[in-house]
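Nothing in this text is a laboratory measurement; each read-out follows from the coordinates by a stated rule. Everything quoted here is computed from the prediction, not taken from an experiment. Cβ: placed from backbone, ideal geometry, glycine included. Neighbour counts: every protein chain shown.
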Amino acid sequence: MITNRELDQFIICKKCDTLHRKIPLHKGGKALCSKCETLIYRRDDKMIENTLALVITTLISLIVAFKFTIITININGLEQSLTLTSLFTVLVEHQLYIVGIMFLFLIVIFPLMILSSMFFILFFMKIEKYGYSVKRLLILLSHLKHWSMIDIFFISLLVAMVKLFDYARIELGVSFIALILTLILELIITKNISFHELWQKHDTIYGDDDD
Amino acid sequence: MIKRDNFIRCHVCETVNYDNENNLLCRRCNSTLHQPAYISFHRTLAFLITAIILYIPANLYPILISKQLGVNTESTIIGGVIHLWEAGSYPIAIIILVASVFVPLLKFIFLIYLLIATKYNVNSSRVDKHKLFYITEAIGPWSMIDVFVVIILSVLIHFSGVQVFPGAGATSFALMVFFTMLSALSFDTKLIKKEFK
């Protein structure tokens, strides 16, 4: 039988399932998988502070993106704008309730839940309190992480704009910029953070026996 | 003595667990590590069959209906791609074709292959199967592009004379993507390892 401390020395690559023994890294170092060269872990001492700042910014820009006009089109003087409310009005008007509910969850609720739970995890870790809540939130986050589709929504927006290019004049709204900002920040956050590291920080801050 | 097969990775918190067939829960997050292999197998298969069934109406029913001066024109996914190709916007046609025709088909083929390969111990590299599963999980949500485009268009082209709105195909397509994602999520990567025992 192997103890937990010894087990913590191992890590399994999430892409090709190869078992590795961890080695200590220097500051800012990265460890790659020996078989498929995926990044498996790294050392970043300022991770919590940096990511917390990024998460707060992303949350604000996401709320801005949901609040204001994304794009406005103008066909021979007739104007129509795309906002979150006009989107749901149209879906309800055409009685597409299933698509509407999926859209509500994939674009609005899950991204907001992911970001806010990330905020609470990092904030609680920063003040080193509420170990049990952090654990529950981390488990919630690992179930939610597949279900955010903001990036896909943005690509769809670009495709729709290209389709409309010939017929209409398109004006970009405030939310369009906010959406781009959100996506870039989200990309930086996912590059910056990994679940493995979050759990490891959880273990070092709260110890193994918090519940 | 370290043997590779004795270690499993918790799919929730990514920690390494020692696998002695008795510990049912992850040592860190208490999520289930072991469940009888057939549960995961049957669940994946059930979601996959649902998705394949939904793929048929998704392609047969119109995904986009445009109403111009009282006349309805309906277009399916393939019809939309052909229309875009003829209109000369090749990049968009290719994006839609790949995202809404090839990606779902690839997912079906990958998942069927993984299920057959783990059930009947097909002799191929374990690492390749893990990579295949990783790809299946990563490309999954991208088929939603077409549904989102239709929704965005139906919001923007919403005048009294001309209107565009999603048809029944959009609902079944969205559900199809949802079920393929569930199917991929319920596939247990430990099934891949089973063949070595």
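Things worth noting here:
- Exposure proxy order (Cβ contacts within 10 Å, fewest to most) of B:Lys107, B:Lys119: B:Lys119, B:Lys107
- As an equivalent ellipsoid, chain B spans semi-axes of 43, 16, 14 angstrom, where each value is the square root of five times an eigenvalue of the C-alpha gyration tensor, largest first.
- Extension gain, B:Tyr113 to B:Gln163: 0.36 nm times the residue separation minus the Cα-Cα distance gives 13.7 nm.
- Loop trypsin sites (Lys or Arg not before Pro), segment A:1-94 (other Cβ atoms within 10 Å of the site Cβ: 10 or fewer; DSSP): A:Lys27, A:Lys46
- Spin-label model distance (nm) - B:Asn6 vs A:Arg5, 7 Å beyond Cα toward Cβ: 1.9
- For the cross-link pairs A:Lys22/A:Lys191; A:Lys14/A:Lys135; A:Lys15/A:Lys135; A:Lys22/B:Lys119; A:Lys22/A:Lys201; A:Lys30/B:Lys119, the ones whose C-alpha atoms lie over 26 Å apart are A:Lys22/B:Lys119; A:Lys30/B:Lys119.
- Longest site-free stretch - chain B; sites: chymotrypsin sites (Phe, Trp or Tyr not before Pro), DSSP loop, at most 16 other Cβ within 10 Å: B:1-119
- Listed values for segment B:101-116 are Karplus-derived 3J(HN,Hα) couplings in whole Hz (6.51 cos²θ - 1.76 cosθ + 1.60, θ = phi - 60°), namely 10, 6, 4, x, 4, 4, 4, 4, 5, 4, 5, 4, 4, 4, 5, 5, and x replaces Gly and Pro.
- Residues whose placed amide H lies under 5 Å from that of A:Tyr41, excluding near-sequence neighbours: A:Ala31
- Spin-label model, A:Glu128 to B:Ile56: label points 7 Å out along the Cα-to-beta-carbon direction sit 6.2 nm apart.
- Computed label-point distance, nm, for sites A:Phe105 and A:Leu158 using a 7 Å Cα→Cβ extension: 2.8
- Using C-alpha pairs under 8 Å with a sequence gap of at least 6, the mean separation divided by the residue count of segment A:1-43 gives a relative contact order of 30 percent.
- In percent, rounded to a whole number, the relative contact order of chain A is 26, using alpha-carbon pairs under 8 Å and six or more apart.
- Förster radius 25 Å - calculated FRET efficiency between A:Ile98 and B:Val98, Cβ distance, rounded to 0.05: 0.50
- Value in Å of the Kirkwood radius, where segment A:1-43 supplies the Cα pairs that are averaged: 11.1
- Whole-number percent relative contact order across chain B, with pairs defined as alpha carbons under 8 Å at least 6 apart: 31
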